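> Structure in structure tokens, see below.
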Amino acid sequence: MFATSLVQTLTFAIAAMICVTGALGVVALRNPVHNALSLVATLFGVAVLFIAQEAYFLAAIQVIVYAGAIVVLFLFVIMLLGVDRAESFAAERHPLGLAVGGILGGGVMVLAAVTLFAGVDTATGRRSTVGALAPSDDLNRIGRALFTEYAFAFELTSLLLTIAVLGAVLLSRRASGPPIDLDEFPAEEPDADAEEVEA
Amino acid sequence: MFAIDPLLESVDGSAVLIVLLKVVVAFAALMIAVMAMVWFERKVVARMQNRLGPNVAGPFGILQTLADGVKLFFKEDLLPREADRPVFRLAPYLSLVPAFLVFVVVPLGGDFSNDRHGVVSWFGKETLVQVADPHIGILFVLAMSSMAVYGVMLAGWSSGSKYPLLGSVRAAAQMISYEAALGLSLLAVLLNSGSLSTNEIVSGQSGWNWNLWATGVVPFIVFFIAATAELNRPPFDLVEAEQELVGGFHTEYSSLRFALFFLAEFMNTITMSAVIVTLFLGGPNGPSFGPGWLQAILPTVWFLAKLLVFLFVFVWLRGTLPRLRYDQLMDLGWKLLIPLALGWFLLLAAFKIGQDEGWNRAVVGVVGTVVILLGALLISMAVGTARARRAAVEVEA
């Protein structure tokens with residue numbers, strides 16, 4: 001009864017609009033928190049596009065990892081560092097900045113246009129704005145690919161992440177100053193630095 | 001596009017009508033359930049504290065929530081001068097909408113015995129008693145619960161006031177920490193069910209084969225504790241610790257916007273209980289008997305009965321337990337729940353492989369337990385060494 005293609009086109013149009021508006025917001029808005037929120041909107045738009053292509057798993061991971069963890073971390077840092085007001089964000093403009101930015105942006109645009117119009121198999125071998133790219137569901141395919149063909153790369157990545165976590169812990173830990181044992185109240189504060197070590 | 005409900009693939013008028021009906025009924029049912037939950041919580045907590053609780057509006061004070069809602073509706077809507085207006089206005093909705101959406105993937109009824117997968121026939125169409133059944137059902141729940149962080153976090157930040165900001169930073173840290181434990185305890189269920197779809201998970205638990213004992217109780221306990229923390233309910237309600245933070249992230253909110261936060265909080269409690277019932281207690285599974293009409297509604301009755309148990313336990317926890325200190329909260333999440341959930345998951349995975357390869361179960365169990373205990377010993381030794389070294393540094397200084 002319903003023209004599915006119409007529904008699909010509408011979905012694509014709305015999701016694409018959300019993506020582009022969000023992307024513009026990331027660049028144009030002056031408040032870092034608003035920027036981060038615009039980024040969330042873009043990520044959501046992309047997630048909707050994934051769903052339109054029946055890649056449910058990718059959509060869920062997009063929301064959980066990017067919107068749910070990474071941008072929350074961004075916001076967390078913005079709030080903790082207190083750069084959450086527009087005026088603290090003023091930066092000097094580098095004379096070359098505009099030129100380099102323009103060239104890079106233009107290059108990406110041209111690249112995208114070429115990929116779009118060049119033909120079916122240019123970038124990934126498949127193309128589709130809406131509709132499934134693969135016959136079986138994406139969860140199985142991703143799982144199989146990760147744990148068979150790319151198992152080595154997968155394990156290397158997890159090793160890299162573990163090392164990164166250890167590094168972060170080491171870096172954030174300063175040796176100087178006596179740390180506070182959290183299980184006891186400090187009798188008196190030795191100095192201001194000691195508090196920061198545990199915090 | 002309608003592949004989300006696989007039973008509605010041939011889209012026509014009556015199918016769309018059924019979907020609309022399901023959405024409207026789920027929405028209305030959840031709203032009514034929240035009203036009832038607010039009354040229930042106030043009444044039960046009052047009884048636990050030797051009070052009467054609401055008893056004026058309607059029989060047993062059951063209309064109290066309605067009265068409060070009307071009162072809040074007519075109150076002045078304050079906007080703090082320092083507030084970031086667009087975000088301040090947006091935040092309550094970011095809290096409420098995820099709370100609603102989680103309910104979408106919860107199977108509310110239908111017969112799951114004998115491989116019937118909860119399919120019911122309405123108006124000559126076969127469908128499920130849940131609004132949608134995506135392949136990734138349970139990941140959707142996780143996605144929405146990670147979205148709920150935004151509401152709390154942005155509300156606190158946009159108020160432009162220090163107590164809400166402190167509350168929201170605490171909330172974000174707490175919710176992110178416990179999401180890890182939540183996800184890891186969930187893995188055990190997924191390993192057992194072999195599917196992410198909530199419908200499949202419930203189907204796999206038919207005939208008293210509940211995940212609660214199929215996964216060995218531990219994931220259930222971890223999930224329950226992590227869910228309580230994720231909901232910011234007592235004893236994990238540091239987010240709105242009255243004694244330290246005035247009211248936490250919603251200090252500056254008044255009128256209808258405050259009501260939305262309040263609504264979202266209770267709605268989250270209900271949906272999270274529903275998710276626990278779905279994952280561990282077999283959802284609408286239960287004994288079936290009696291005439292045809294009774295058999296049709298019995299699954300929903302079982303579901304509601306199980307739900308009510310958890311709602312009561314949540315209220316009970318609030319009435320009984322003192323609030324955790326912040327470092328205790330973080331220790332519990334990172335040093336106990338996450339390693340426990342991970343270790344248990346590994347043990348279950350070993351059993352699964354043993355089953356596939358035909359190994360002796362007892363040997364797998366013993367070897368697995370020994371390996372995990374060794375791991376636990378190593379971790380506790382590492383933690384102990386670090387603590388001893390810190391103590392030594394302290395003595396030197």
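> Could you list, in sequence order, all residues of segment B:73-107 that are surrounded by 16 or more Cβ atoms within 10 Å (Cβ to Cβ) and either modelled with pLDDT under 85 or of a type in the set (Lys, Arg) (or both)?
B:PRO80, B:ALA83, B:ASP84
> Hey, can you tell me all the residues within segment A:60-82 that are open to solvent by less than 20 Å² (accessible area, probe 1.4 Å) and more than 13 Å from the chain's Cα centre (by Cα)?
A:ALA60, A:MET79
> A further question follows. What number of residues within segment B:167-198 satisfy the criterion of being away from every other protein chain (no Cβ under 14 Å) and closer than 24 Å to B:ALA148 by Cβ?
Within segment B:167-198, residues that are away from every other protein chain (no Cβ under 14 Å) and closer than 24 Å to B:ALA148 by Cβ number 4.
> What is the number of the single condition among (1) modelled with pLDDT under 85; (2) open to solvent by 30 Å² or more (accessible area, probe 1.4 Å); (3) assigned to a helix (DSSP H, G or I) that B:SER206 does not meet?
Going through (1) modelled with pLDDT under 85; (2) open to solvent by 30 Å² or more (accessible area, probe 1.4 Å); (3) assigned to a helix (DSSP H, G or I) one by one, B:SER206 breaks only (3).
> Suppose we filter segment B:316-344 for residues that are touching a residue at least 40 places away in the same chain (Cβ under 8 Å), in a helix (DSSP H, G or I) and open to solvent by 70 Å² or more (accessible area, probe 1.4 Å); how many remain?
Residues flagged as touching a residue at least 40 places away in the same chain (Cβ under 8 Å), in a helix (DSSP H, G or I) and open to solvent by 70 Å² or more (accessible area, probe 1.4 Å) within segment B:316-344 amount to 9.
> Can you pull out every residue in segment A:66-95 that is at the interface with another protein chain (Cβ under 9 Å from one of its Cβ atoms) and at pLDDT 80 or above?
Listed by number, the residues that qualify are A:ALA67, A:GLY68, A:ALA69, A:VAL71, A:VAL72, A:LEU73, A:LEU75, A:PHE76, A:ILE78.
> What tally of residues in segment B:158-168 results from selecting those that are open to solvent by 20 Å² or more (accessible area, probe 1.4 Å) and either touching a residue at least 12 places away in the same chain (Cβ under 8 Å) or closer than 23 Å to B:ILE270 by Cα (or both)?
4
> Can you name the number of the only condition in (1) within 14 Å of the chain's Cα centre (by Cα); (2) open to solvent by 20 Å² or more (accessible area, probe 1.4 Å); (3) touching a residue at least 40 places away in the same chain (Cβ under 8 Å) that B:LEU231 fails?
(2)
> In segment B:124-134, what residues are within 12 Å of another protein chain (Cβ to nearest Cβ), surrounded by fewer than 23 Cβ atoms within 10 Å (Cβ to Cβ) and touching a Leu at 6+ places or on another chain (Cβ under 9 Å)?
B:ASP133
> Moving on. If you check B:ALA188, B:ALA171, B:ALA155, B:ALA143, which single one turns out to be open to solvent by less than 10 Å² (accessible area, probe 1.4 Å) and in contact with a His (Cβ under 7 Å, 6 or more places away or on another chain)?
Among B:ALA188, B:ALA171, B:ALA155, B:ALA143, only B:ALA155 is open to solvent by less than 10 Å² (accessible area, probe 1.4 Å) and in contact with a His (Cβ under 7 Å, 6 or more places away or on another chain).
> While we're on this one: Go through (1) modelled with pLDDT under 90; (2) open to solvent by less than 40 Å² (accessible area, probe 1.4 Å) one by one and return the number of the condition A:LEU29 breaks.
(2)
> Identify, please: which residue in segment A:32-59 is farther than 18 Å from B:TYR150 by Cβ and open to solvent by less than 30 Å² (accessible area, probe 1.4 Å) and is, among those, nearest to the other protein chains (Cβ to nearest Cβ)?
Applying the filter and picking the extreme gives A:TYR56.
Residues are listed down the side, and each one gets a yes or a no for (1) at pLDDT below 90; (2) open to solvent by 50 Å² or more (accessible area, probe 1.4 Å); (3) not assigned by TED's automatic domain parsing to the domain that holds A:PHE12:
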site	(1), (2), (3)
A:GLY97	yes, no, yes
A:GLY107	no, no, yes
A:VAL114	yes, yes, yes
A:GLY125	yes, no, yes
A:THR129	yes, yes, yes
A:LEU133	yes, yes, yes
A:LEU160	no, yes, yes
A:ASP193	yes, yes, yes
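> Restricting attention to segment A:14-31, and to residues there that are in contact with a Ser or Thr (Cβ under 9 Å, 6 or more places away or on another chain) and among the β-branched types (Val, Ile, Thr), which single residue is farthest from the other protein chains (Cβ to nearest Cβ)?
A:VAL20
> A further question on this structure: Could you pull out the residue among B:PRO92, B:PRO164, B:PRO98 that is farther than 30 Å from B:PRO287 by Cβ, away from chain A (no Cβ under 14 Å) and of a type outside the set (S, T, N, Q)?
Going through B:PRO92, B:PRO164, B:PRO98 in turn, the sole match is B:PRO92.
The values are calculated or read from the model by the stated rules, or taken from the named source; none is laboratory data. The structure displayed is predicted, hence computed values, not measured ones. Note that each Cβ is placed from the backbone with ideal geometry, even for glycine, and that neighbours are counted across all protein chains shown. Heads up: the accessible areas ignore ligands, DNA and RNA and are worked out on the full protein's heavy atoms, side chains in. Shrake-Rupley method; radii C 1.70, N 1.55, O 1.52, S 1.80 Å.
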